[in-house]
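Peer 1: My questions will all concern the structure given below.
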Amino acid sequence: PAVIRREDYQPPDWLVPDIALDFDLDPATTRVTAVLDVVRSSAHGRPLRLDGDGQVPTKVLVDGNPHNDWRMDGDTLEIDLPGSEHRIETEVAIHPDRNTQLMGLYASGGNLCTQCEAEGFRRITFFPDRPDVLARYSVRMTADRKRFPVLLANGDPIASGDAEDGRHWAEWRDPFPKPCYLFALVAGDLSANRATFTTMSGREVQLGIWVRAADLPKTEHALAALQTAMAWDERVYGREYDLDVFNIVAVDDFNFGAMENKGLNIFNSRYILADPDTATDADYDAIAAVVAHEYFHNWSGNRVTCRDWFQLSLKEGFTVFRDQGFSADQGSAAVKRIEDVRTLRAAQFPEDAGPLAHPIRPDSYMEISNFYTATIYNKGAEVIRMMATILGPDSFRASTDLYFDRYDGTAATCDDFVRCMEFGSGIDLTQFRHWYSQAGTPRVSAALDHDAGSGRATLRLAQRTAPTPGQPDKEPFVLPLKLKLFGGETGAALSNEQLFMLDRPTADITFDGVTERPVLSINRGFSAPVIIESDRSSADLKFLSAHDDDPFARYEAMQQLMLDTLVAAVTLGRADHEPVIDAVRRTLEDPALDRAFAAEAVLLPSDSFVGDQLEMVDPEAVFRAREALRRDLGKHLAGLWRSAYANASQAGTFVYSPAAKAARRMRSVALGYIAASGAEDAADVAFAQFEAADNMTDRQGALTTLVNGKSDKRIAALDIFYNRYSGDALVLDKWFQTQALSMRDDTPQVVADLARHPDFSLANPNRARSLVGAFGVNQRAFHMAGGAGYRFLADHLIALDKLNPQTAAKLLPPLGRWRRFDPARATLMKAELERILATPGLSKDLFEQASKSLE
Ligand code: B3K
Ligand code: ZN
């Protein structure tokens with residue numbers, strides 16, 4: 001497949017200021033007529049080239065006259081045009097019900113819907129499918145009235161009426177010029193939960209969340225989140241909504257989370273539907289975050305879009321940063337930061353350390369769908385966060401205002417954004433730009449010396465970033481590090497928090513008047529997305545975990561203490577559990593601590609994160625070390641876990657509030673430790689919670705504990721759960737996922753059996769991810785000796801690739817981590833990658849991921 005390079009960017013030869021689309025909708029065959037007003041962009045002689053994907057036009061008209069002088073160059077329709085402005089009409093026939101890729105126009109649950117980002121519009125009609133061609137759209141849809149009573153598209157509804165043979169039609173118009181990746185339509189039998197929102201300038205917007213009628217009661221949370229997000233974006237960024245309607249449609253078959261189409265967001269139903277019986281607190285939180293994210297794209301993505309796909313992080317990194325800020329404002333900001341850093345470390349750090357590493361603004365790609373990554377999204381958000389930290393809140397807001405103002409209605413670049421940050425603040429970000437061009441996670445070593453005699457403390461910092469594919473040497477990054485010193489004896493602050501910019505390979509910072517042995521608190525709030533290597537002792541870390549006044553740093557100290565202990569256990573074969581047990585005890589006993597924070601702080605780092613610290617991952621040794629520490633924590637603090645469990649259980653009936661969420665979280669965490677201790681009654685306690693639960697958080701929490709344990713009660717619980725929810729696809733996904741994530745010895749076998757379960761299907765992306773995706777990230781089960789896990793994943797990727805290459809390619813990365821494992825495992829993993837590559841008819845999506853993983 002061809003490699004597309006950022007440096008080859010050329011502005012479009014032809015612009016399309018207006019397009020009129022006419023859809024004669026039918027699941028078997030839909031006819032699409034497109035009328036494009038095209039304008040030559042400069043004095044060149046090149047033909048008009050319109051992207052397609054597999055279709056041949058059934059009709060081509062130029063300026064109203066039938067035209068036969070067109071040709072196909074591969075999938076591209078080429079037409080020579082004499083003048084500088086013409087009207088081009090094409091007609092194609094497409095087949096939504098055969099569209100298993102779920103890109104373009106497809107059928108889901110009897111309805112028709114679209115997904116165009118990144119390059120799906122060319123599967124609908126011929127068009128210059130690139131984000132810097134912005135057009136005003138009018139859309140007419142005709143469909144059977146009974147099967148498709150609701151017809152929606154971008155913008156505002158203009159007119160509707162009856163057609164012949166039981167059909168009807170509707171017309172929509174979107175006054176805002178947009179790239180074709182933001183096009184959307186939906187035709188279906190749907191009902192709306194409606195509300196209004198009055199914008200800051202007093203305009204009333206009609207909101208609608210469209211679902212199957214039976215699901216209407218599950219849309220309240222999403223609708224409330226939408227209203228909250230609209231008000232938040234006005235307050236925090238000064239951004240007002242701009243159309244008279246805003247619709248969201250939930251569909252069951254969707255390649256990712258949701259899509260920000262102008263005025264018509266289309267969502268994976270898992271990010272809309274929630275009620276206490278079927279959705280966990282984590283689901284509720286994710287729904288609010290994704291609803292906000294897609295809404296925020298209306299400015300960061302739609303009003304200001306991307307010049308080309310290399311600039312994807314311009315909209316995604318910024319919009320993730322915006323949704324993180326929104327979520328932080330809805331509950332515990334400290335817990336939100338912990339969760340976001342956990343996600344970064346689980347998904348992005350390994351990507352940045354592996355064969356698929358790329359900068360947040362990549363230099364090349366074969367298939368752009370492979371670049372909707374944790375790097376573009378989550379590291380991209382960290383890069384925006386660093387600029388916000390460096391600028392400070394007022395300058396940052398002035399700079400985002402400038403950016404929205406200056407680039408409104410245009411397709412911009414990452415550099416345009418950074419220039420606005422510079423202009424709005426007067427700060428030079430030349431060197432900071434390395435964050436856009438260099439991949440890899442910087443490592444910062446920090447050593448603190450203290451001379452008691454002179455009262456001087458010296459902090460020696462050094463940064464280095466390992467080579468990544470195509471980038472052997474790195475320039476130093478600009479790292480904004482928040483620092484503070486505490487007195488190791490008194491616990492008093494020995495310095496104010498300072499923001500230190502580490503922009504050279506090394507730097508020394510001196511602190512005077514330090515009369516007491518200092519303890520270093522560094523990268524507070526996770527101010528830079530780096531790995532800190534410090535020489536802090538377990539005593540220092542224990543101290544910080546109890547005394548640091550930055551909640552993230554406090555969490556981090558505990559995590560580091562736990563990591564050091566687990567790494568020692570794996571590499572030396574033994575470790576002193578006492579400091580961790582002490583630190584956890586103090587956290588549980590501290591009455592001043594928010595329960596939501598305490599519940600996160602006492603959790604051990606995941607198996608995979610421990611593995612990431614090792615030269616070579618030994619998954620069984622990691623598992624054993626982690627279980628041993630869990631068991632000791634469970635046993636030594638048994639009384640505290642029991643009382644934490646009991647206190648958290650006093651809550652009445654379900655409410656979704658920060659306090660109630662914190663109680664449920666603590667209950668699950670405590671239950672996990674009670675089970676880890678090996679207590680006789682653990683399975684009974686879990687089963688009782690499972691049966692008595694009035695909400696999914698408690699029910700799934702108990703199920704997870706049972707499914708990780710040895711008791712046969714897990715079988716009963718799984719059956720009860722299955723029977724209770726057999727009609728609810730989103731909950732059945734949890735049933736598959738919980739088993740695929742189990743730490744039990746028999747998980748590979750259980751997963752293989754589940755893949756043959758009548759409810760399993762690769763055709764639905766959520767279901768495929770719930771089993772195959774979850775298994776791939778279960779470090780212990782996936783890497784169990786013998787390679788059965790690798791074979792399982794490869795078999796399913798090969799099968800899924802035939803239906804849905806985009807979703808298959810997303811699930812490949814666990815196989816690409818072979819360099820991190822022993823030669824026996826590495827050989828088996830590589831063999832599966834080779835087998836994937838040798839598959840006839842492989843998609844370019846999977847080809848790119850597998851071939852890069854072997855390099
Ligand atoms: N912009 C979409 C993602 C599209 C993914 C295409 N492979 C959703 C989002 O990030 O908001
Ligand atoms: Zn997004």
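Peer 1: Output yes when any residue across the stretch 284-292 is more than 13 Å from ligand 1 (Cβ to nearest atom), over 23 Å from residue 436 (Cα atoms) and over 14 Å from the mean Cα position of the chain (by Cα), and no when none is.
Peer 2: Yes; the residues of the stretch 284-292 include at least one that is more than 13 Å from ligand 1 (Cβ to nearest atom), over 23 Å from residue 436 (Cα atoms) and over 14 Å from the mean Cα position of the chain (by Cα).
Peer 1: Let me ask you something else. Looking only at the stretch 804-851, count how many residues are over 26 Å from the mean Cα position of the chain (by Cα) and aromatic (Phe, Trp, Tyr).
Peer 2: Here the count works out to 1.
Peer 1: Mind checking which residues of the stretch 26-85 are in a loop (DSSP other than H, G, I, E, B), surrounded by 15 or more Cβ atoms within 10 Å (Cβ to Cβ) and of a type in the set (S, T, N, Q)?
Peer 2: 55
Peer 1: Still on this structure, please answer the following. Before we move on, is residue 256 near ligand 1 (Cβ under 10 Å from one of its atoms) and part of a loop (DSSP other than H, G, I, E, B)?
Peer 2: Judged against the criteria, residue 256 is a match.
Peer 1: Are any residues in the stretch 125-154 touching a helix residue (DSSP H, G or I) at 6+ places or on another chain (Cβ under 7 Å) and charged (D, E, K, R), and if so, which ones?
Peer 2: 129
Peer 1: Take the residues of the stretch 319-366 that are in contact with a strand residue (DSSP E or B) (Cβ under 8 Å, 6 or more places away or on another chain) and more than 14 Å from residue 439 (Cα to Cα): which is nearest to ligand 1 (Cβ to nearest atom)?
Peer 2: The selected residue is 319.
Peer 1: In addition: Only residues that are outside any strand (DSSP E or B), crowded, with 23+ Cβ neighbours inside 10 Å, within 14 Å of ligand 1 (Cβ to nearest atom) and in contact (Cβ under 8 Å) with a residue 40 or more places away in the chain: list them for the stretch 303-318, please.
Peer 2: Once the filter is applied, which keeps residues that are outside any strand (DSSP E or B), crowded, with 23+ Cβ neighbours inside 10 Å, within 14 Å of ligand 1 (Cβ to nearest atom) and in contact (Cβ under 8 Å) with a residue 40 or more places away in the chain, the stretch 303-318 yields 311, 312, 313, 314, 316, 317, 318.
Residue-by-condition table, conditions (1) free of Cβ contacts under 8 Å to residues at least 24 places away in the same chain; (2) more than 27 Å from residue 343 (Cβ to Cβ):
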residue: 764; (1), (2): no, no
residue: 783; (1), (2): no, no
residue: 805; (1), (2): no, no
residue: 830; (1), (2): no, yes
residue: 834; (1), (2): yes, yes
residue: 839; (1), (2): no, yes
residue: 842; (1), (2): no, yes
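Peer 1: Same structure, new question: Name the residues in the stretch 230-289 that are in contact with a Pro (Cβ under 9 Å, 6 or more places away or on another chain), closer than 14 Å to residue 209 by Cα and not β-branched (Val, Ile, Thr), would you?
Peer 2: 268
Peer 1: Could you tell me how many of the residues in the stretch 261-298 are within 12 Å of ligand 2 (Cβ to nearest atom), part of a loop (DSSP other than H, G, I, E, B) and in contact with a Phe, Trp or Tyr (Cβ under 8 Å, 6 or more places away or on another chain)?
Peer 2: Result for the stretch 261-298: 2.
Peer 1: Looking at residue 762, is it of a type in the set (A, V, I, L, M) and in a helix (DSSP H, G or I)?
Peer 2: no
Peer 1: Go through the residues of the stretch 220-234 one by one and say whether even a single one is over 18 Å from residue 766 (Cβ atoms), away from ligand 2 (no atom under 16 Å from the Cβ) and not in a helix (DSSP H, G or I).
Peer 2: Going through the stretch 220-234, the residues over 18 Å from residue 766 (Cβ atoms) turn out to be 220-221, 223-234.
Cutting the leftovers down to away from ligand 2 (no atom under 16 Å from the Cβ) gives us 220-221, 223-224, 227-228, 230-232, 234.
Retained after the next criterion (residues that are not in a helix (DSSP H, G or I)): none.
Within the stretch 220-234 (the criterion being over 18 Å from residue 766 (Cβ atoms), away from ligand 2 (no atom under 16 Å from the Cβ) and not in a helix (DSSP H, G or I)), the answer is no, since none of the residues qualifies.
Peer 1: So, residue 495, is that one assigned to a loop (DSSP other than H, G, I, E, B) and more than 22 Å from residue 377 (Cα to Cα) or not?
Peer 2: Judged against the criteria, residue 495 is a match.
Peer 1: So residue 683 ticks every box in (1) out of contact with any Lys or Arg (no Cβ under 6 Å at 6 or more places or on another chain); (2) outside any loop (DSSP other than H, G, I, E, B) but one. Which box is left unticked?
Peer 2: Tallying (1) out of contact with any Lys or Arg (no Cβ under 6 Å at 6 or more places or on another chain); (2) outside any loop (DSSP other than H, G, I, E, B), residue 683 fails exactly one: (1).
Peer 1: For the stretch 607-629, name all the residues that are closer than 15 Å to residue 820 by Cβ and of a type outside the set (Asp, Glu).
Peer 2: 608, 609, 610, 611, 613, 614, 616, 617, 619, 621, 622
Peer 1: Continuing with this model, one more query. Pull out all pairs, ordered by first then second residue, where Cβ-Cβ is under 6 Å, the residues are six or more apart or on different chains, the first lies in the stretch 5-17 and is farther than 17 Å from residue 127 by Cα, and the second is not in a helix (DSSP H, G or I).
Peer 2: Listed by first residue and then by second, the contacts come to 5/364; 6/363; 9/308.
Here, each number is a calculation from the coordinates, and none is a lab measurement. In this text the structure is predicted, and so the values were computed from the model without any measurement. A quick note on method: Cβ atoms are made from the backbone with ideal geometry, for glycine too, and the neighbour counts reach across all protein chains shown.
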